[in-house]
Amino acid sequence: MYNLKDKVALVTGAGGKQGCGRAIANRLAKEGADVVVIDKQKKPDRFEDSAPGWKGIDSVVEEIRRMGSKSDAFICDITKSKEVDLLVKDIVGKYSKIDILVNNAGVKISQGPLETTDEVWNLHLAVNLTGMFFCSRAVAREMVKNGRGGKIINIGSMWSKVGSPHQDVAYCASKFGVVGLTQSMALQLAKHHILVNAVCPGLTDTGINSDVFKNTAQKEGISWEEARNRMHERAIKNFPLNRLGNSEDIANTVAFLASDESNFITGESINVNGGSFTAL
């Protein structure tokens, strides 16, 4: 267990029922942190999040408050720097500080290099990289002003490290950028005692691949559940631990990086992929 009591955390992209953002927010709250969650809309529009009773970030806030931590939900388009700057000022005005930022928000639309449109390319860079920078810049400014340092944790991907053979060239390019951004910020913010690291998941059983499942299901005339299961069965063969990752695996690593136990780690991009790179 890690002690995050009296810490204030901000988690982006936290409204998905099956997403890493929700799991991360809940894990940080379990460790005692007060957690602010944001998303671009109250309830994500992925079909996995259409379960009765699921209210997106409002449901996450309810879960956190039941644990005894403070929590609030905000709507923010992280690709717009003015919105991000205003949001961070509002949070600091209410909570007095931000100790931990988890840049989890992301998008993935599967298109190959010959099919990728300008819109899809620009969207990936805007959300996965530029939005991450806008959030990091705004929070880091407040951390420097506060004078107590802090932790910035970026969610990358296994495709932050190697080129992807799949139809996701824009996603892969944007996630490679996350590693460079992480290292650069770590070096330049170290003097302010702000530690910056990334977590790079392998294939994880969340909603990030819903676009792939939906397209495969339509092409093959099967349900999205069957398309998901086929994809997962193929992928598991490349995992020495013989299972996919889950959102809790990612949340566990984030909790470690958010804690004092990681106070001599910065600029790292940690693989959380069940040993799949070892098997290459």
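The values are calculated or read from the model by the stated rules, or taken from the named source; none is laboratory data. For clarity, every value in this text was computed on a predicted model and none was experimentally measured. Virtual Cβ from ideal backbone geometry, glycine too; neighbours counted across all protein chains shown.
List of remarks:
- Residue 217 surrounded by 15 or more Cβ atoms within 10 Å (Cβ to Cβ), out of contact with any strand residue (DSSP E or B) (no Cβ under 7 Å at 6 or more places or on another chain), at pLDDT below 95 and among the aliphatic types (A, V, I, L, M): yes
- Filter pass, residue 87 being modelled with pLDDT of 95 or more and either part of a helix (DSSP H, G or I) or under 23 Å from residue 203 (Cβ atoms) (or both): yes
- Of all residues assigned to segment 38-50, none qualifies as being assigned to a helix (DSSP H, G or I), at pLDDT 95 or above, of a type outside the set (A, V, I, L, M) and within 23 Å of residue 253 (Cβ to Cβ).
- Only one of the numbered conditions (1) in contact (Cβ under 8 Å) with a residue 24 or more places away in the chain; (2) more than 26 Å from residue 157 (Cα to Cα) is violated by residue 145, and that is (1).
- Considering residues of segment 148-172 that are without any contact (Cβ under 8 Å) to a residue 40 or more places away in the chain and over 22 Å from residue 247 (Cα atoms) only, the residue surrounded by the most Cβ atoms within 10 Å (Cβ to Cβ): 163
- Filtered residues of segment 1-16 (kept if closer than 18 Å to residue 108 by Cβ and without any contact (Cβ under 8 Å) to a residue 60 or more places away in the chain): 15
- Members of segment 123-146 that are surrounded by fewer than 17 Cβ atoms within 10 Å (Cβ to Cβ) and of a type in the set (S, T, N, Q): 146
- From the list 35, 60, the lone residue that is farther than 23 Å from residue 260 by Cβ and either in a helix (DSSP H, G or I) or at pLDDT 95 or above (or both) is 60.
- Check on residue 75, surrounded by fewer than 15 Cβ atoms within 10 Å (Cβ to Cβ), under 17 Å from residue 21 (Cα atoms) and among the hydrophobic types (A, V, I, L, M, F, W, C): yes
- Residue identified as over 19 Å from residue 78 (Cβ atoms) and out of contact with any Lys or Arg (no Cβ under 7 Å at 6 or more places or on another chain) among 151, 191: 191
- Test result for residue 177, out of contact with any strand residue (DSSP E or B) (no Cβ under 9 Å at 6 or more places or on another chain), farther than 18 Å from residue 267 by Cα, at pLDDT 95 or above and surrounded by fewer than 24 Cβ atoms within 10 Å (Cβ to Cβ): no
- Residue within segment 71-79 that is part of a helix (DSSP H, G or I) and either without any contact (Cβ under 8 Å) to a residue 24 or more places away in the chain or more than 24 Å from residue 171 (Cα to Cα) (or both) present: no
- Verdict on residue 251 being of a type in the set (Gly, Ala, Ser) and modelled with pLDDT of 80 or more: yes
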